[in-house]
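The values are calculated or read from the model by the stated rules, or taken from the named source; none is laboratory data. Source: prediction; values computed, not measured. Please note: Cβ atoms are built from the backbone with ideal geometry, for glycine as well, and neighbour counts cover all protein chains shown. These accessible areas exclude ligands, DNA and RNA; they are computed on the full protein's heavy atoms, side chains included. Shrake-Rupley method; radii C 1.70, N 1.55, O 1.52, S 1.80 Å.
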Amino acid sequence: MPFDQAQLLEQIAQIQQRIDQAVQRSQRDPASVRLIAVTKSHPMLRVNAVLAAGIHDVGENRVQEAEEKIALQTPAALAETRWHLIGHLQRNKARRAAKLFSLIHSIDSLKLAEILNRIVDEEAAVIPQPLPILLQVNVSGERSKDGFALAGGLRNPAWREFVAEVRAIAQLPLIDLQGFMTIAPYSDDVAGVVRPCFRALRDVRDALEQELDRHLPELSMGMSGDFEVAIEEGSTFVRVGTALFGAR
Ligand SMILES: *Cc1c(COP(=O)(O)O)cnc(C)c1O
């Protein structure tokens with residue numbers, strides 16, 4: 001649907017206000033929550049509109065699509081844009097992804113992290129070291145979701161194995177593990193389904209900070225339908241598409 005800049009500014013202001021209110025309700029620092037505008041399937045025109053509106057965090061779920069959009073940016077615009085990869089990353093696209101994105105939210109195996117670590121070593125001239133990443137965790141148990149399979153979070157029987165894998169990833173010298181990402185089920189049941197999912201990821205993070213004795217500050221959780229709940233549960237990155245741009 002067509003959408004002009006004035007409308008976009010209004011949508012952004014509304015989302016920002018809802019973010020601020022959720023931040024206040026949960027007595028958090030406003031600077032600790034950042035809005036990522038999810039521009040997948042939207043043309044570069046719309047990415048430029050978002051940037052002009054002062055949002056510099058942009059999310060894409062496919063490497064190819066991001067690459068095409070990034071190629072259209074001027075060096076000055078590119079320097080001001082943080083591109084986030086929020087979709088599944090295939091191993092054969094890891095090299096391109098490492099060169100394009102400021103933060104990859106979707107690392108889902110030790111193997112993929114090891115591959116990235118090697119790539120960062122090989123591409124020292126063009127990829128910053130260490131490379132920031134988040135681990136995607138499927139705490140809901142939905143079969144359609146990517147990520148480390150850890151339904152129920154801490155209570156999952158595979159918890160110790162997961163801890164061992166995260167420890168190994170955290171020890172990779174050229175990777176900077178900053179936290180975790182999840183996608184909640186699409187559900188009206190906030191109290192029974194959505195909130196417990198976000199809470200489970202936060203509990204996973206808190207437990208791993210203890211286990212690894214290091215700070216893991218970032219929690220990427222919350223989309224158009226559930227970002228306020230996610231903020232109440234500790235989200236530091238909300239990934240919003242539909243609520244900004246309308247349906248894809
Ligand atoms: C598409 C997408 C979003 C944004 O979803 P909306 O419901 O449009 O806000 C967020 N996160 C991921 C991983 C996505 O693929």
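Looking at (1) within 24 Å of VAL38 (Cα to Cα); (2) open to solvent by less than 50 Å² (accessible area, probe 1.4 Å); (3) of a type in the set (S, T, N, Q), which is the only condition ASN156 fails?
Every condition holds for ASN156 apart from (1).
Scan segment 198-248 for residues that are closer than 18 Å to VAL50 by Cβ and surrounded by fewer than 16 Cβ atoms within 10 Å (Cβ to Cβ) and jot them down.
Selection gives THR242, GLY246, ALA247, ARG248.
Return the residues of segment 79-107 that are more than 15 Å from the ligand (Cβ to nearest atom), of a type in the set (Gly, Ala, Ser) and out of contact with any Pro (no Cβ under 8 Å at 6 or more places or on another chain); say none if nothing qualifies.
Correct list: ALA79, ALA94, ALA98.
So which residues in segment 172-197 are open to solvent by 10 Å² or more (accessible area, probe 1.4 Å) and hydroxyl-bearing (Ser, Thr, Tyr), if there are any at all?
TYR186, SER187
To keep it simple, each residue is scored yes or no on (1) more than 16 Å from the ligand (Cβ to nearest atom); (2) open to solvent by less than 30 Å² (accessible area, probe 1.4 Å); (3) within 17 Å of ASP4 (Cα to Cα).
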| site | (1), (2), (3) |
| --- | --- |
| GLN17 | yes, no, no |
| ALA37 | no, yes, yes |
| LEU45 | yes, no, yes |
| LEU51 | yes, yes, yes |
| ASP57 | no, yes, no |
| GLN64 | no, no, no |
